[in-house]
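K.L.:
One structure is given below, represented as structure tokens, and several questions about it will come after.
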Amino acid sequence: LGQRPTLSITRFLRQMTYRAMLGGNLSSALKNISQGINTYAKLGEKYTTIGYINLFKSGAKAELEAEGILNAGFIEDRALSSTKKILEKFDKALFYFFETAEHINRGAAYFGAKAQGLSKGMSEKEAVEYGKKIVRDTQFTFGKIDTPLVLSSDIGKTIGQFQSFTTKQIEFLSEMGKAAVKGDQKAKNFFGLLRYAAAGTLFVSIIGKAFGMDIKDLIPSVRLGTPPSLKLPLETVKAIVNTPDKYNQPRDLNQKLKDIGNAAIGLIPGGIQGKKTIQGIEALNKGRVEDSSGRAKYDVGGSPIKNIQTIIFGKYVGKGARNYYDKDLNYAEQKLEQIKNSKT
């Protein structure tokens with residue numbers, strides 16, 4: 001394991017978690033596309049539109065690569081696989097959807113901001129630098145200098161995996177909110193926040209519903225719980241020391257193996273997408289999603305589009321799933337209210 005075994009182990013676990021959770025996962029790529037809302041909040045309608053149009057013009061990719069716009073991506077640890085050619089080719093295929101979304105986000109922000117800069121009378125060089133600044137402001141960079149100290153150590157990176165983006169998105173919205181109240185251009189930043197809210201709602205309503213995105217996903221929040229890359233080691237230890245389940249009931253060997261297997265999916269390349277697809281196909285074969293007792297919860301599929309949606313995004317998306325869980329949540333809220341009233 002070398003002179004720094006903690007580094008080697010945690011880095012390996014993080015890399016495999018990225019491959020499992022983001023690799024081949026179309027839902028993650030589409031959710032990543034929603035970060036274009038940040039660009040719209042900063043640049044407005046005209047220059048955001050120009051940014052997306054110029055992104056698909058001849059020579060656009062060459063300019064983005066030359067200016068380094070596509071560097072400093074989200075998955076910092078994954079870049080280490082470039083020293084091994086087989087892994088590098090494998091990762092390119094595995095992260096194709098996610099990388100494409102990242103390129104679209106960064107490219108649109110750059111070209112939109114560059115066009116805005118030129119319209120303000122900047123020179124070509126100044127407009128390019130302005131474009132890079134807007135990319136950093138809206139799409140973020142994740143190098144060591146740009147990462148909070150608490151998330152920079154090996155242990156910190158592991159515990160806070162996937163939290164760097166959340167931290168930066170909170171900073172982005174907080175700065176816009178602060179500027180809308182105290183800044184020199186209050187109106188501009190206030191309307192920027194309005195654009196963020198309106199575009200986010202529209203994105204969720206039109207695109208997000210297809211893969212299960214909810215309006216609350218636009219509000220960044222720090223998630224607590226077991227870090228994704230440590231779930232398998234933790235489940236293994238819990239099985240060895242005979243830890244009970246979440247209901248404090250003893251687990252037999254089959255249940256322990258099942259829990260370990262579920263945790264292992266989070267370290268298998270493409271595992272999360274594979275799990276969703278397998279579950280979706282199983283549900284389509286039955287025509288419905290069932291509970292552990294075999295009772296129907298809601299129907300799935302029924303048309304080519306709905307069938308494809310279930311296969312790609314899993315059995316928990318679609319109108320049937322939304323209606324079922326909304327109803328279930330409402331029922332739980334009603335019961336809680338009844339309990340409160342009876343106690344009163």
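K.L.:
Which ones in the range 17-35 are hydroxyl-bearing (S, T, Y) and either out of contact with any Lys or Arg (no Cβ under 8 Å at 6 or more places or on another chain) or open to solvent by 40 Å² or more (accessible area, probe 1.4 Å) (or both)?
P.N.:
T17, S28, S34 - these are the residues of the range 17-35 that are hydroxyl-bearing (S, T, Y) and either out of contact with any Lys or Arg (no Cβ under 8 Å at 6 or more places or on another chain) or open to solvent by 40 Å² or more (accessible area, probe 1.4 Å) (or both).
K.L.:
Checking K42 against (1) part of a helix (DSSP H, G or I); (2) open to solvent by less than 20 Å² (accessible area, probe 1.4 Å), only one condition comes out false. Which one?
P.N.:
(2)
K.L.:
Which of the numbered conditions does G314 fail, given that it passes all the others? Conditions: (1) within 21 Å of the chain's Cα centre (by Cα); (2) among the small types (G, A, S); (3) open to solvent by 50 Å² or more (accessible area, probe 1.4 Å).
P.N.:
For G314, the failing item is (3).
K.L.:
Return the residue satisfying two criteria in turn: it lies in the range 47-61 and is open to solvent by 60 Å² or more (accessible area, probe 1.4 Å) and among the hydrophobic types (A, V, I, L, M, F, W, C), and of such residues it is modelled with the lowest pLDDT.
P.N.:
Ranking the qualifying residues of the range 47-61, first place goes to F56.
K.L.:
Say whether the condition of being open to solvent by 10 Å² or more (accessible area, probe 1.4 Å), of a type in the set (V, I, T) and modelled with pLDDT under 90 is met by at least one residue in the range 80-101.
P.N.:
Scanning the range 80-101 turns up at least one residue that is open to solvent by 10 Å² or more (accessible area, probe 1.4 Å), of a type in the set (V, I, T) and modelled with pLDDT under 90.
K.L.:
For the range 298-305, check the following and say yes or no: at least one residue is in a helix (DSSP H, G or I), surrounded by 13 or more Cβ atoms within 10 Å (Cβ to Cβ) and either hydroxyl-bearing (S, T, Y) or on the phi < 0 side of the Ramachandran plot (or both). Show your work before the answer.
P.N.:
Narrowing the range 298-305 to residues in a helix (DSSP H, G or I): 304-305.
Within this subset, residues satisfying the condition of being surrounded by 13 or more Cβ atoms within 10 Å (Cβ to Cβ) are none.
No, that holds for no residue.
K.L.:
Does any residue of the range 62-79 turn out to be part of a helix (DSSP H, G or I), open to solvent by 50 Å² or more (accessible area, probe 1.4 Å), touching a helix residue (DSSP H, G or I) at 6+ places or on another chain (Cβ under 6 Å) and at pLDDT below 90?
P.N.:
no
K.L.:
Among I215, I265, I260, which is in contact (Cβ under 8 Å) with a residue 60 or more places away in the chain and in contact with a helix residue (DSSP H, G or I) (Cβ under 8 Å, 6 or more places away or on another chain)?
P.N.:
I265
K.L.:
Which condition breaks for A263 when tested against (1) open to solvent by 50 Å² or more (accessible area, probe 1.4 Å); (2) touching a Pro at 6+ places or on another chain (Cβ under 9 Å)?
P.N.:
The failed condition is (1).
K.L.:
Please tell me if K31 is among the charged types (D, E, K, R) and free of Cβ contacts under 8 Å to residues at least 60 places away in the same chain.
P.N.:
Answer is no for this residue.
K.L.:
Just one of the numbered conditions (1) more than 18 Å from the chain's Cα centre (by Cα); (2) within 20 Å of F313 (Cβ to Cβ) is not true of F203; which one?
P.N.:
Answer for F203: the failing condition is (1).
K.L.:
How many residues, within the range 152-176, are over 30 Å from T226 (Cβ atoms) and either surrounded by fewer than 16 Cβ atoms within 10 Å (Cβ to Cβ) or modelled with pLDDT under 85 (or both)?
P.N.:
Qualifying residue count for the region: 1.
K.L.:
Would you point out the residue of the range 212-236, among those that are basic (K, R) and within 15 Å of the chain's Cα centre (by Cα), that is nearest to G261 (Cα to Cα)?
P.N.:
My answer is R223.
K.L.:
Moving on to the next point. Please work out if V204 is part of a helix (DSSP H, G or I) and surrounded by 19 or more Cβ atoms within 10 Å (Cβ to Cβ).
P.N.:
In short, no.
K.L.:
Which of the residues that make up the range 215-260 are open to solvent by 90 Å² or more (accessible area, probe 1.4 Å), part of a helix (DSSP H, G or I) and either under 30 Å from F172 (Cα atoms) or among the aromatic types (F, W, Y) (or both)?
P.N.:
K216
The values are calculated or read from the model by the stated rules, or taken from the named source; none is laboratory data. These figures come from a predicted structure and were not determined experimentally. Neighbour counts run over all protein chains shown; Cβ positions are idealised from the backbone, glycine included. Only protein heavy atoms, including side chains, enter the accessible area calculation; ligands, DNA and RNA are left aside. Shrake-Rupley method; radii C 1.70, N 1.55, O 1.52, S 1.80 Å.
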